[in-house]
Amino acid sequence: MKKICLTVVGMYIMFLHAFSQFSNDTSAYKSKTLKLDEVNIISSYYSQKADKSAVMGGRTDSKGIGDVTDFANGIDLRFVKWGNDKRKNTFDGGLGIDYHTAASQAYVDSNGHARNYGTRIYPTFDWTTENESKRTSFGLGAYYSAERHFYHSLGLNTSFSKKTNHNGEFGVKLSTYLDRIKMIIPSEFSSVDSANNSSSDSIVYVTTASGHVTEIIYRNGQQIGKSKNTTPSKPRNTFTAEFSFSQVINQRMQGSIVVDLVEQNGYLGLPFHRVYFNNGKDTIENLPSQRFKLPIGLRLNYFLGDNVILRSYYRFYIDNWGLKSNTVSLEVPIKLSPFFSVSPFYRYYQQTAAKYFAPYAVHSPDDQYYTSNYALAAFTSQSFGVGLRIAPPKGILTQNLKSLEVRYAHYTQTTDLVSNVISVDLSFR
Amino acid sequence: MTQAQNSLLKCAFAFLLSIIIISCSNVKAYQKSRINDAEMTLSNRKVEKNELNVQSYREGSSGANGGKTGGGCGCN
């Protein structure tokens with residue numbers, strides 16, 4: 001944690017220093033060499049209070065506490081290079097690192113002694129080439145995310161867009177995420193005691209309090225081998241086709257529509273999510289191996305007068321697990337000066353339950369699929385907060401710190417989950 | 001969502017769509033000073049990134065907002 005804090009401060013100083021070597025280019029000259037165009041450093045702190053954790057099958061007692069903290073830091077670098085044929089090539093590289101604690105994670109071990117913290121890293125890379133004369137752009141991207149003991153995720157995407165003659169733009173983006181979920185199961189389901197009762201050839205995986213998994217190999221009931229860190233994993237694949245259209249409606253208004261077609265297959269639950277049946281026994285959640293999702297999003301932004309902007313968003317979502325949701329949000333940036341704005345916002349969200357969800361001790365052992373993960377329960381949530389944006393033409397403190405954005409959000413769910421998040425974005429140019 | 005809320009939502013959409021259609025006009029490049037304002041962008045702000053990430057894990061739905069539709073440690 002201390003290392004991460006020092007890294008963030010270090011990155012800030014490094015970029016302040018690096019940009020101080022450049023002079024501002026205000027001419028129309030378009031660099032044909034690769035040029036560092038923009039750097040964003042984004043930090044965020046998230047804190048959550050909740051009960052009914054999925055790890056403890058939605059229990060409401062002290063074992064079901066779902067408190068979470070997350071300290072996320074990321075850096076995005078944008079390089080631009082103009083080609084001889086008036087093509088603009090943009091290269092975006094990013095690296096993020098999160099440090100989180102999760103009270104429920106400790107209960108992967110039935111006594112609550114498992115490691116309750118973790119670190120996630122996620123590098124990204126995107127290349128976009130824009131043909132100004134044809135008004136088209138094409139892009140390729142790659143993404144990787146990993147938390148050593150839980151999963152690895154590789155993402156790939158390609159996109160194409162075309163601007164119309166009437167201030168509109170069509171876009172298509174195809175993405176895939178290829179995940180490997182490590183099968184770390186609650187300790188009571190892989191105890192050494194049950195392994196010793198094995199009378200035939202078998203491999204038993206034992207989850208330790210630290211979150212590591214030990215593989216024990218038995219032949220004719222006798223232990224013949226033991227190795228650490230051989231957690232088995234299962235695949236989860238996500239394929240998305242995103243279609244978008246944006247349009248300038250008049251001098252003050254523009255809007256967009258985005259439709260995603262999403263198909264997921266593979267292991268779609270998490271192996272350490274317990275479910276308690278109505279007969280008192282417990283097991284691991286079991287969900288179908290396929291899910292189709294259809295989210296449709298609409299945005300409409302309107303410049304009201306000279307100082308107020310209305311940013312509105314609506315999303316309808318439906319999937320084949322029976323979950324439907326509606327999201328509405330409104331943000332109102334108020335320009336107190338041309339370079340300083342305050343943006344209060346409000347978001348309302350409502351969803352129906354997935355047909356495989358039931359609370360603690362409600363599922364029957366006869367059910368084919370079952371989960372007590374409250375992310376799939378029926379609930380409404382509300383979020384409100386405020387953002388500040390400062391972007392003076394001569395920079396903040398230094399010419400190269402182009403803008404500073406701070407955003408705070410308070411979030412409540414009717415499942416008794418309450419969270420707060422504060423984020424900062426420093427943009428250098 | 002009740003039937004009354006559904007009807008209300010449909011009426012609101014129809015009303016909004018009518019306003020949009022009525023107010024359509026051809027906008028020249030030099031008339032886009034407001035449209036090109038940084039606050040008018042049709043995508044999420046970078047500073048919202050972690051907030052959207054958390055929402056996609058804590059809620060059952062995701063997508064159609066420029067963010068992730070799957071992948072990673074959450075169930076979505």
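Residue check: is residue A:302 assigned to a strand (DSSP E or B) and either touching a Phe, Trp or Tyr at 6+ places or on another chain (Cβ under 7 Å) or surrounded by fewer than 18 Cβ atoms within 10 Å (Cβ to Cβ) (or both)? Taking the combined requirement at face value, the residue does not satisfy it.
Note on the stretch A:315-335: among residues that are aromatic (Phe, Trp, Tyr) and over 23 Å from residue B:40 (Cα atoms), the one that is farthest from the chain's Cα centre (by Cα) is A:321. For the stretch B:48-60, does any single residue satisfy the condition of being touching a Lys or Arg at 6+ places or on another chain (Cβ under 6 Å), part of a loop (DSSP other than H, G, I, E, B) and facing chain A (nearest Cβ under 7 Å)? The answer is no, given that none of the residues of the stretch B:48-60 is touching a Lys or Arg at 6+ places or on another chain (Cβ under 6 Å), part of a loop (DSSP other than H, G, I, E, B) and facing chain A (nearest Cβ under 7 Å). Working only within the stretch A:347-377, note down all residues that are part of a loop (DSSP other than H, G, I, E, B), in contact with a strand residue (DSSP E or B) (Cβ under 8 Å, 6 or more places away or on another chain) and within 9 Å of another protein chain (Cβ to nearest Cβ). Matches in the stretch A:347-377: A:352, A:354, A:373, A:377. The number of residues in the stretch A:243-290 that are part of a strand (DSSP E or B), touching a strand residue (DSSP E or B) at 6+ places or on another chain (Cβ under 9 Å) and at the interface with chain B (Cβ under 8 Å from one of its Cβ atoms) comes to 12. If you go through the stretch A:405-420 one residue at a time, do you hit one that is over 21 Å from the mean Cα position of the chain (by Cα) and assigned to a strand (DSSP E or B)? Scanning the stretch A:405-420 turns up no residue that is over 21 Å from the mean Cα position of the chain (by Cα) and assigned to a strand (DSSP E or B).
Which residues, counting only those in the stretch A:166-179, are more than 10 Å from chain B (Cβ to nearest Cβ) and either assigned to a loop (DSSP other than H, G, I, E, B) or buried (at least 17 other Cβ atoms within 10 Å of the Cβ) (or both)? If the condition is that a residue be more than 10 Å from chain B (Cβ to nearest Cβ) and either assigned to a loop (DSSP other than H, G, I, E, B) or buried (at least 17 other Cβ atoms within 10 Å of the Cβ) (or both), then A:171 is the only one that fits.
Taking the criterion of being surrounded by 14 or more Cβ atoms within 10 Å (Cβ to Cβ) and under 16 Å from the mean Cα position of the chain (by Cα), the only residue of the stretch A:126-143 that qualifies is A:143. Filtering the stretch A:59-118 to residues that are touching a Pro at 6+ places or on another chain (Cβ under 8 Å) and more than 14 Å from every other protein chain (Cβ to nearest Cβ) leaves A:93, A:107, A:109, A:110. For the stretch A:106-120, which positions are part of a loop (DSSP other than H, G, I, E, B) and either surrounded by fewer than 17 Cβ atoms within 10 Å (Cβ to Cβ) or at negative phi (or both)? Passing the criteria: A:109, A:110, A:111, A:113, A:114, A:115, A:116.
Rundown of residues vs (1) without any contact (Cβ under 8 Å) to a residue 24 or more places away in the chain; (2) in contact with a Lys or Arg (Cβ under 6 Å, 6 or more places away or on another chain); (3) small (Gly, Ala, Ser), yes/no style:
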site	(1), (2), (3)
A:248	no, no, no
A:256	no, yes, yes
A:264	no, yes, no
A:270	no, no, no
A:274	no, no, no
A:279	no, no, no
A:290	no, no, no
A:310	yes, no, no
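Looking at residue A:407, is it basic (Lys, Arg) and more than 8 Å from chain B (Cβ to nearest Cβ)? Here the answer is no, as residue A:407 does not meet what is asked. Can we say residue A:98 is within 15 Å of residue A:145 (Cβ to Cβ) and either touching a strand residue (DSSP E or B) at 6+ places or on another chain (Cβ under 9 Å) or in a strand (DSSP E or B) (or both)? So residue A:98 passes the test.
Just so you know, all these numbers are worked out from the coordinates, no wet-lab data involved. Model, not experiment: these values are computed from the prediction. Virtual Cβ from ideal backbone geometry, glycine too; neighbours counted across all protein chains shown.
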